[in-house]
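What follows is one structure encoded as structure tokens, with my remarks underneath.
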Amino acid sequence: MSTPQLDKTYDPKAVEARWYDVWIRQGYFRASPAHPGQPYSIVIPPPNVTGSLHVGHALNHSLQDILIRWRRMQGRNVLWLPGTDHAGIATQNVVEKQLMAEGASRESLGRDGFIKRVWEWKATSGNTIISQQKQLGESCDWDRLRFTMDEGLSKAVLEVFVRLYEDGLIYRGERLINWCPRCLTALSDIEVEHEDMKGKLYHIRYPLADDPHTTLTVATTRPETMLGDTAVAVHPDDPRYRHLIGKKVRLPLTTREIPIVGDSILVDLTFGTGAVKITPAHDFNDFEAGERHKLSRISLFDQEAKMDPAGLHEAKVEGSVLQSLTMKPVQKARSIVVEALTERDALEKVEDHKMALGKCYRCKTVVEPYLSPQWFVKIKPLAAPAIEAVETGKIRIIPEGWTNNYLGWMRDIKDWCISRQIWWGHQIPAWYCRKCNANFIFEPNSTEVQGDKVTEKRTLVITKNAQPIIARYAPTKCSTCGEGNFLRDPDVLDTWFSSALWPFSTLGWPEQTPELKAYYPTSTLVTGLDILFFWVARMIMLGLKFMGDVPFRDVYIHALVRDAEGQKMSKSKGNVIDPLHVMEQFGTDALRFTLASMASPGRDIKLAEERIEGYRNFANKIWNAARFAHMHLTGIKESQPPDDRSFPGLWIRSRLNDTIKIVTMELEAYRFDRATNALYQFFWHEYCDWYLELIKPILQDPLHPEGPATRQTLQDTLEVFLRVLHPFMPFISEEIWQTLPHEGETIATQSYPVPQTHWHDPSAEETFRLFEQSISLIRTARVLLNYPPGQEVRVFVTHEEPATSATLVTLKQNLAHLGRGQISPVPLSQWPASNVLRLITDGITMGVSVEGDVDLKKALDRLEKQIAETDKESQRLDGKLNSADFVSKAPPEVITDHRDRLRALSRDRAMLTSSEQQLRTMLGI
RNA sequence: GGGCGGAUAGCUCAGUUGGGAGAGCGCUGCCCUUACAAGGCAGAGGUCACAGGUUCGAUCCCUGUUCCGCCUACCA
């Protein structure tokens with residue numbers, strides 16, 4: 001093998017494209033259930049098919065790839081399964097926008113045409129994020145790429161739905177749900193984002209029916225809904241109003257009278273006026289209060305949150321008001337109602353009020369509580385085992401702090417609304433016999449619609465009383481009436497319903513596949529906190545229900561990536577860091593390493609480009625170290641490698657050994673930050689700063705007796721380091737590894753280094769500490785004496801301990817090389833009496849000859865400062881040791897340690913003052 | 001309203017059996033010393049948010065306060 005010519009700086013771009021191609025072509029990332037190793041599997045949190053890679057993905061995926069590559073190298077049977085999510089609302093929005101630009105619409109295409117169109121869109125645009133993931137170097141098994149709308153996964157969805165229904169865990173019911181008037185669909189509770197807003201609290205007077213001059217004042221933030229009130233509640237213990245319970249009030253702006261009820265749950269005595277209007281069709285609390293008091297519900301709004309004339313009629317709104325309100329949106333309706341109330345002197349006052357407003361997480365439109373028939377999952381029975389799995393530790397949440405968050409939410413979980421009024425998604429497998437449900441189904445009638453300007457009549461209505469048939473296939477015959485005329489429920493399932501099956505649906509369930517057997521439960525789930533409830537909790541519930549086992553053992557929750565100022569990144573703020581741009585600029589390895597290094601638990605990541613640049617420099621450092629190695633390596637792997645017993649060789653292997661140990665341990669603990677720090681520290685500040693410098697004289701002397709052994713160590717340690725590094729920086733490690741003598745085709749499938757006990761060498765490490773301190777003293781002396789770096793100096797060195805002094809003798813050549821001088825490791829008695837600057841650290845006395853006309857003042861300052869510091873520390877230790885309490889109560893080893901340190905300090909102090917005296921003599925002061 | 005997390009060098013953050021305060025970046029000074037100026041060497045810089053408590057001893061444990069985040073909640 002010829003010595004490759006490496007460029008002076010590392011160019012990531014060429015390297016990355018080349019190797020990723022090879023990896024894929026050779027199929028290194030392909031999983032096989034037949035692989036002999038212990039399985040290690042991860043399913044990727046499927047990104048939206050509409051998405052492109054953002055820095056949050058980059059973090060999430062980098063961490064997973066580190067785990068996967070690490071385990072693969074450890075010989076585990078690894079599967080990393082990639083895929084995308086069909087993202088019902090988001091995808092439908094994207095395609096509808098496209099249609100709108102063409103002057104078409106979802107309706108004009110019809111349902112089937114539209115679905116076809118979405119698939120077409122997916123075929124052309126749905127792989128954006130996949131190719132970006134490849135750019136990040138992700139070692140997924142791409143042959144197993146899954147999509148939540150795939151045939152197999154759809155089958156799983158169908159199966160789960162039917163079984164849950166058969167088990168009584170799915171039901172259809174008319175409930176108040178969160179409705180997005182823009183997306184025109186129901187949302188689950190957690191798809192609503194709450195935002196604090198400044199609102200107003202309106203106090204409205206309701207006159208008593210039998211005594212119109214007496215009024216009961218209610219407080220509300222939504223005066224427009226008062227038209228739909230069906231009662232007023234007061235607290236049964238409230239002396240102010242207790243006597244009114246059972247009486248009626250006249251609802252202003254309408255001709256209705258509504259009852260006053262006592263309700264201790266709804267009413268808070270201390271808030272507002274103590275009287276609450278009840279609007280069961282427009283408020284979740286009121287809905288429940290309505291249930292308690294058997295109140296009727298009046299829906300005032302249509303699906304676009306506009307005042308519906310039918311509702312206004314039902315509410316018996318006064319004619320003039322009704323006219324002006326018809327088809328008005330919420331905000332407009334509010335001001336009309338407020339104005340009308342003011343005219344009638346029914347508005348007592350308006351005060352400022354802070355309140356939380358719910359918004360659609362997809363489009364940020366204010367959501368409206370909306371009364372409609374929907375499908376729900378009865379969640380409590382599913383939640384109980386999911387709680388237990390975490391409580392008993394079958395599933396570990398990391399960092400542990402989020403466990404309570406999870407448990408709290410699960411214990412208080414509400415039924416899950418799973419129906420969505422959109423087209424793109426898994427259509428609910430529910431059919432209605434048209435004959436049997438004739439009274440409960442109102443289908444749009446095209447002839448009627450043409451003549452009717454009230455457009456919402458076009459909507460299909462399947463009332464709550466309709467009887468569905470739930471089946472895996474479309475029924476052909478009604479079991480009740482025997483006819484075969486069916487209407488399929490138009491709703492589709494919440495996208496998260498299919499995501500919840502991801503860990504087993506992607507492995508082939510409901511078929512019992514070898515993949516399922518080998519890889520379920522998966523090993524680790526890596527995700528952000530934001531989808532802990534959306535996704536993680538639901539996977540646990542459904543995994544337990546359908547697989548009888550948890551979907552994963554560990555849940556590692558990583559931080560949110562923010563910008564350098566700690567602001568959440570968003571397109572509108574323009575503070576988005578684009579990972580693709582970063583990869584282009586600094587290299588993929590640098591980005592990956594940066595993200596891993598910042599993944600400290602429980603803290604958000606503030607990402608600044610300078611950090612990435614810093615790790616780009618690290619990559620370059622590795623590159624140049626490799627260049628250096630190649631200048632001296634033969635490129636041949638010795639069959640009988642010479643044994644390197646030299647101090648640098650023993651030391652660097654010991655350090656490398658320690659690094660392997662730390663990195664492995666930290667990866668096991670999901671401490672990516674500490675693992676990267678260990679790699680950085682080792683390579684830059686031990687391998688490059690010291691080891692490579694130490695061996696230069698040997699390498700540069702072709703006849704040096706230690707040459708072969710040293711070259712062997714240089715080559716071996718670099719190769720091992722690259723393997724330790726590979727999961728973090730896959731590209732540069734592969735590129736360099738390939739230039740070294742090696743076995744196998746790729747570093748990606750080589751064994752991950754394990755600690756070698758015979759490499760561990762405390763004595764070499766001890767010697768190194770002595771060496772490092774000595775060199776540091778010489779260098780400091782050079783600076784104090786203003787010697788240019790090239791100037792040869794005469795150096796004397798000794799140590800209090802004879803044994804250590806003896807070690808210094810053995811280090812003579814190394815000291816001479818890195819200290820750039822002539823070294824005399826002789827006792828103080830043999831030193832010149834003058835013209836030597838003496839510096840002291842930890843028992844080492846280092847003398848550097850003073851030559852020429854130099855200013856010794858700086859040196860004197862340094863000595864005085866060091867003496868002052870020594871005295872301060874001595875006093876502190878002395879104080880403690882003189883305390884009777886300390887001596888009697890502190891552990892003996894601490895006391896011994898303190899005494900040793902004090903002794904060492906006073907020893908150094910004596911040397912320091914001696915040096916200071918000598919210096920003063922030289923200065924003549 | 002409730003819960004959780006954070007406050008350590010100019011900046012970003014490490015720091016778990018409580019016993020000498022660390023890293024990276026930035027900054028200052030000197031160096032283009034043939035692996036690397038995307039570099040080398042030497043430095044400066046911190047009453048570890050504030051106030052109490054426990055302890056021989058607290059950045060670390062407990063309590064309270066302030067500030068900043070996040071999650072969560074039906075105060076109409």
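Laboratory data are not the source of any read-out in this text; all were calculated from the coordinates shown. This is a predicted model, so every value here is computed, not measured. Every residue, glycine among them, receives a Cβ derived from its backbone with ideal geometry; neighbour counts consider all protein chains shown.
The sum of -39500 (n - 2.57) across all DSSP H runs of n ≥ 4, divided by the residue count of chain A, sets its helix-only mean residue ellipticity at 222 nm to -13500 deg cm²/dmol. Axis angle, to the nearest 10 degrees, between helix A:330-343 and the longest C-alpha principal axis of chain A: 60 degrees.
Between helix A:88-101 and chain A there is an angle of about 80 degrees, using the helix long axis and the longest principal axis of the Cα atoms. For a 18 Å ceiling on Cα separation, which of these pairs sit above it: A:K198/A:K359; A:K122/A:K364; A:K354/A:K573? Among A:K198/A:K359; A:K122/A:K364; A:K354/A:K573, the Cα-Cα distance tops 18 Å for A:K122/A:K364; A:K354/A:K573. Summing Lys and Arg as +1 and Asp and Glu as -1 over all other residues whose Cβ lies under 14 Å from the Cβ of A:R674 gives a net charge of -1. Set the Cα radius of gyration of the range A:451-583 against 2.2 N^0.38 Å, with N its number of residues, and you get 1.61. Expressed per residue, the C-alpha convex hull volume of chain A stands at 254 Å³. Using only side-chain charges placed at the Cβ, +1 for Lys and Arg and -1 for Asp and Glu, the dipole size of the range A:190-255 relative to its Cα centre rounds to 440 debye. For the range A:298-355, the Kirkwood estimate of hydrodynamic radius, built from reciprocal distances between every pair of different alpha carbons, is 12.2 Å. The charge dipole of the range A:115-155, taken about the Cα centre with unit charges on the Cβ atoms of Lys, Arg (+1) and Asp, Glu (-1), comes to about 180 debye, rounded to the nearest 20. Helix A:647-668 and the long axis of chain A differ in direction by around 10°, with both axes built from C-alpha atoms.
Note down the net charge around A:L164, summing +1 for each Lys or Arg and -1 for each Asp or Glu among other residues with Cβ under 9 Å from its Cβ.
Local charge sum for A:L164: +1.
The dipole here belongs to chain A: it is taken about the Cα centre, uses +1 on the Cβ of Lys and Arg and -1 on the Cβ of Asp and Glu, and is about 1060 debye.
The distance from the alpha carbon centre of the range A:294-342 to that of the range A:648-704 is 75 Å, rounded to a whole number. Here's the picture: charge each Lys and Arg Cβ at +1 and each Asp and Glu Cβ at -1 in the range A:722-803, and of A:L770, A:T746, A:Q756 the one pushed furthest to the positive end of that dipole is A:L770.
Normalised by residue number, the volume inside the convex hull of the Cα atoms of the range A:711-831 is 160 Å³ per residue. For the range A:792-808 versus the range A:364-379, the inter-centroid distance based on Cα atoms is 81 Å.
Placing unit charges on each Cβ (+1 for Lys and Arg, -1 for Asp and Glu) gives chain A a dipole about its Cα centre, and among A:V366, A:I441, A:C183 the Cα reaching farthest toward its positive end belongs to A:I441. A simple packing score, the average count of other Cβ atoms within 10 Å per residue, orders the peptides A:904-915, A:550-561 as A:550-561, A:904-915, with the highest score first. Less than 5 angstrom separates the built amide H of A:Q822 from those of A:V793, A:R794, A:V795, all sequence-distant by 5 or more or on a different chain. What aspartates and glutamates could a cross-link reach from A:K571, if we take a straight Cα to Cα line under 17 Å and drop same-chain neighbours fewer than 8 places away? A:K571 reaches A:D563. Please give every one of the lysines within straight-line cross-link reach of A:K477, meaning a C-alpha to C-alpha distance under 28 Å, and leave out same-chain neighbours fewer than 8 residues apart. List returned: A:K155, A:K435, A:K464. The ranking of A:Y171, A:Y202 by Cβ neighbour count inside 10 Å, starting from the fewest, reads A:Y171, A:Y202. Cross-link partners of A:K889 among lysines, defined as those whose alpha carbon lies under 18 angstrom from its own and excluding same-chain residues fewer than eight positions apart: A:K880. Exposure proxy ranking for A:S597, A:S646, A:S829, based on other Cβ atoms within 10 angstrom of each Cβ and starting from the fewest, stands as A:S829, A:S646, A:S597. Farthest toward the positive end of the dipole of chain A, out of A:G425, A:S883, A:G311, is the Cα of A:G311, where the dipole comes from beta carbon charges about the Cα centre. When you restrict to C-alpha pairs under 8 Å that are six or more residues apart and normalise by the size of chain A, the relative contact order lands at 12 percent. Among A:E304, A:E191, A:E151, a tally of other beta-carbon atoms within 10 Å of each Cβ gives an order, fewest to most, of A:E151, A:E304, A:E191. Apply the Debye scattering formula to the range A:575-688, with a single equal point scatterer on each alpha-carbon and no solvent, then give log10 I(q)/I(0) at q = 0.14, 0.19, 0.22 Å⁻¹. These q points yield log10 I(q)/I(0) values of -0.73, -1.10, -1.27. Other residues within the sphere of radius under 9 Å centred on the Cβ of A:T713, judged by their own Cβ, net out at 0 (K and R +1, D and E -1).
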